[in-house]
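Presented below is the structure to which this report refers.
The values are calculated or read from the model by the stated rules, or taken from the named source; none is laboratory data. Quick caveat: nothing in here was measured; it's all calculated off a predicted structure. Every residue, glycine among them, receives a Cβ derived from its backbone with ideal geometry; neighbour counts consider all protein chains shown.
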Amino acid sequence: MRIKDRFRRLHSSLLSRYLLIIMAALLFIPAGLLSIPLTMTLYGLFNGMTGEELPKEYAPYDNIVELEKSWHKEAEALLGKPPEVINERLRALSNTYSLASMFWVDGDGRTRLSLESADPKLWQQNERYTVPSQWTASEAISFMKKSSDLDPLGIVAFVGDQDEAGEGFMVMQIPGVVKERTSFDGVSVWFTVVMLALFTVFIIVSLLFFIQIRKRLVRLETAMVFTGEAGLPRSIVPGKSDEIGRLETAFNTMVTELAASRGREAEEEGLRKRLVADLSHDLRTPLTVIRSHLHILGKETLTPRGQESLKLMDERIDSLGGLIDNLLSYNLLSSGRMTLNLERKDVLRLLRESAAAWYPLWEKEGFQIEIDLEAEPLYWTVDESWFRRILDNLFQNIVRHARSGLYVSVKLEVIDDQRLIVISDRGRGLGSGSESKGAGLGLSIVDLLIKRMELEWKVDSTRKGTSIVILSPSDGILNKT
């Protein structure tokens, strides 16, 4: 079973297909070599079909290599023969090869016999080589070197087929027309065509292979990038069972698991929000009862220590009540069930009124107060009641967590032609901790409300204090009207 599974995976693998293309490429050159005899056969069939038959007189010149071997054998057989015998043999060979011209030169450099072709018309296209009656050594050597390049083609052999015999040399000259008709020039053309065809097929197959891979990868990439309504990628239909196909299946599995996880998360979030809402509602009733009894107890005669404990309990209950209000508000805002009534308001007026309401408490706690809000109206699109809640949370955060600095500043600043609200203190910073808890929830509510009103805020907190900047990206546009 394991062997079958491995074989099936290898068969459906992109690697096996790629190796198949490589093997085809390795067989490319042998296939081209095998095409040579095929080309010759096709060329012969083509000539046969077109009816172009060579004259029978051209048959002895079909194979120049064999003709050259035969000429050397004739020369070897004439070793030591008298000139008359050589002349007689050349005349006999001239009858056999009637289209060729022949001559021979003795050992002293004299041209003994020169026989012309039986068909002088074949030589009209050739520039005849003038055969001298007396040869010099340099002329003989030059002619022998250039004999294969001359037109007509010259086949040269020493008499006796030995240079050291000193009996001269004999030459057969074949006209160019006969040589061209008997040579197989179509081989190179057909071979080139076959090689180009094989190369083209190889390129096309390779391109199709990689184009198909790219198409499938682009489809998978598109499915990853573009998400549906739930913010999750959409499943795709798996293709072939190769590496990309298994990747597509894994992608679909991931999408399914993400959807299930998102569903569980939404369900848990709903349970959490319902739990917070129920707890907030259930805690309000006992806190109200406790606060009423503390009010009654405060009218009784108590020792100074009892009065101090009573005051501390009242403060803690008040802090707990504020924490419950923040928890319920955060629950409503994060669930999206709270609708804001956005209107164009003068936020400087709201800021002055809120700061005035907190001013007595700051004085009572001994804070140094700096307020600079004298300027032209600053109009932002906000919900008035919830904007006041933002300011109350920030001011309350200063009282609870920046008491060590005893400083509060509320100003309007202009930076780069944009007006900003800056609220700062000189406490130990947001990350230093304090005796009062719940600051994180209050700032979370501030963050949610600012985003719902399409405002922006920046917090810069160090051990020397905290500075909070609130601004509107559209402030410049709104205040020009």
The listed residue being small (Gly, Ala, Ser) and modelled with pLDDT of 90 or more, out of Ser404, Ser432, Ser409: Ser409
Any hit, region 93-115, residues being surrounded by 12 or more Cβ atoms within 10 Å (Cβ to Cβ), modelled with pLDDT under 75 and either of a type in the set (Ser, Thr, Tyr) or not assigned by TED's automatic domain parsing to the domain that holds Met23 (or both): no
Region 158-177, residues that are surrounded by 20 or more Cβ atoms within 10 Å (Cβ to Cβ) and not in a helix (DSSP H, G or I): Phe158, Glu167, Gly168, Phe169, Met170, Val171, Met172, Gln173, Ile174, Pro175
Any hit, region 55-64, residues being modelled with pLDDT of 85 or more and either part of a helix (DSSP H, G or I) or exposed (fewer than 11 other Cβ atoms within 10 Å of the Cβ) (or both): no
Residue check for Leu391: closer than 18 Å to Thr466 by Cβ, touching a strand residue (DSSP E or B) at 6+ places or on another chain (Cβ under 7 Å), not assigned by TED's automatic domain parsing to the domain that holds Asp325 and not in a loop (DSSP other than H, G, I, E, B): no
Residues of region 322-378 classified as at pLDDT 75 or above and assigned to a loop (DSSP other than H, G, I, E, B), total: 12
Residues that are modelled with pLDDT under 80, among the polar types (S, T, N, Q) and surrounded by 11 or more Cβ atoms within 10 Å (Cβ to Cβ), drawn from region 245-304: Ser280, Thr288
